[in-house]
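A short reminder: the numbers here are calculations on the coordinates, not readings from a lab. Because the structure is a prediction, the values reported are computed rather than measured. Using ideal geometry, Cβ is built from the backbone for each residue, glycine included, and neighbour counts are taken over all protein chains shown.
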Amino acid sequence: MRDFAFDGLSASFGGQRVIGPLSLAVKQGEHVALVGKSGAGKSTLIKLLYERLTREASLVPQGLGLVNALPVFHNVFMGQLDKHPLWYNTLTLIRPFRKDRDVIRGLLDDLGIPDKQWTPAATLSGGERQRVAIARALYRQAPLLLADEPISALDGPMAHLVMQALTDRFSTSVIALHDVDMALTYCNRIVGIQDGQVALDQPASRLRTSDIMTLY
Ligand SMILES: Nc1ncnc2c1ncn2[C@@H]1O[C@H](COP(=O)(O)OP(=O)(O)OP(=O)(O)O)[C@@H](O)[C@H]1O
């Protein structure tokens with residue numbers, strides 16, 4: 001993963017500037033938590049980064065982007081669609097290969113949903129759906145993770161397990177998180193967004209919860 005640095009990141013809706021212009025540079029090994037109140041522009045910033053880093057990033061979007069009619073297996077497999085030829089993907093739709101079934105089964109095991117591999121995504125709970133999107137991101141094995149509130153539907157122990165897995169398995173990440181304590185526990189850099197601008201940018205080790213609360 002090359003480091004990345006962007007200047008002039010900005011987005012507007014209906015003539016209203018919601019993010020930027022701002023600069024963001026991230027180095028390999030950094031796990032960046034984007035924090036800030038609702039509407040500050042965190043999701044928009046994640047999208048701007050993904051537009052620029054699509055090929056080297058695994059994305060967990062806030063809307064999850066699951067295909068409801070397809071089983072969990074195929075939703076996770078989509079993380080590697082662009083790594084296989086068309087014939088392989090077509091065959092997988094009908095009859096998945098054992099090696100892919102084994103890998104995906106292992107990921108679902110790790111995420112506490114081992115028995116859901118052939119369940120259509122439509123019938124999953126919110127927390128299960130979120131874990132499928134996380135499994136898809138892990139399966140992609142990209143060097144960079146871009147995630148927008150990836151633990152919002154998970155209970156305490158599962159939220160910790162997922163944050164640990166994400167920060168272990170991706171060498172670099174940018175994760176929008178509204179849980180400030182989780183941000184301080186699992187990320188090593190905190191970027192606070194306020195009114196579409198970077199209002200705080202510090203190593204997590206230098207911050208306490210109360211320092212971040214000034215953004216809210
Ligand atoms: N597609 C869109 N059309 C119009 N306005 C939008 C659109 N997407 C975002 N916005 C506006 O941009 C601003 C920033 O939204 P964004 O979703 O990036 O915030 P956020 O910090 O991620 O909030 P949350 O924590 O609630 O997800 C908000 O005022 C929002 O209403």
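Under the rule of -39500 (n - 2.57) per DSSP H run of 4 or more residues, summed and divided by the residues of the chain, what mean residue ellipticity at 222 nm is obtained, to the nearest 500 deg cm²/dmol? Please list the in-between numbers first.
Numbers: 8 runs with 81 residues, N = 216.
Counting only the DSSP helices, I get -11000 deg cm²/dmol.
Using only Cα atoms, find the angle between the long axis of helix 98-110 and the longest principal axis of the chain, and express it within 0 to 90 degrees, rounded to the nearest 10.
Long axis of 98-110 versus the principal axis of the chain: about 50 degrees.
If the chain between residue 23 and residue 164 were fully stretched, how many nm would it gain, using 0.36 nm times the residue separation less the Cα-Cα distance?
Values: separation 141, 0.36 × 141 = 50.76 nm, distance 2.78 nm.
My answer for the length gained is 48.0 nm.
On C-alpha positions alone, give me the angle between the axis of helix 156-169 and the longest principal axis of the chain, in degrees, nearest 10.
90
Can you spot the aspartates and glutamates whose alpha carbon is less than 17 Å from residue 116's alpha carbon? Ignore those fewer than 8 places along the same chain.
The qualifying aspartates and glutamates are 100, 102, 128.
Just to be sure I understand the curve: with the Debye formula and one point per C-alpha of the chain, what is log10 I(q)/I(0) at q = 0.08, 0.09, 0.18 Å⁻¹?
Values, matching the q order: -0.29, -0.36, -1.27.
Rank-order 137-146, 80-89 by packing density, defined as the average count of other C-beta atoms within 10 Å over each peptide's residues, highest first. Could you put the intermediate results ahead of the total?
Values: 137-146: 21.5, 80-89: 12.0.
Per-residue mean Cβ counts within 10 Å order the peptides as 137-146, 80-89.
Which ³J(HN,Hα) values, rounded to whole Hz and listed in residue order, are derived for the stretch 46-57 from phi using the Karplus coefficients 6.51, -1.76 and 1.60 in 6.51 cos²θ - 1.76 cosθ + 1.60 with θ = phi - 60°, glycine and proline given as x?
4, 5, 4, 5, 5, 4, 8, 10, 3, 5, 9, 10
What ranking do 49-62, 13-26 get when scored by the average of other Cβ atoms within 10 Å per residue, highest first?
Values: 49-62: 17.4, 13-26: 13.8.
Going from most to least packed, we get 49-62, 13-26.
If the reach is capped at under 20 angstrom between alpha carbons, list the lysines near residue 27, excluding any in the same chain fewer than eight residues apart.
42, 47
Over the chain, what is the relative contact order in whole percent, taking alpha-carbon pairs under 8 Å and six or more residues apart? It would help to have the intermediate numbers written out before the result.
Working: 371 pairs, mean separation 66.6, N = 216.
Relative contact order for the chain comes out at 31 percent.
Would you mind calculating the gained length between residue 95 and residue 118 on full extension (0.36 nm times residue separation, minus the Cα-Cα distance), in nm to one decimal? Intermediate values should be presented prior to the final figure.
Values: separation 23, 0.36 × 23 = 8.28 nm, distance 1.19 nm.
This chain segment gains 7.1 nm when fully extended.
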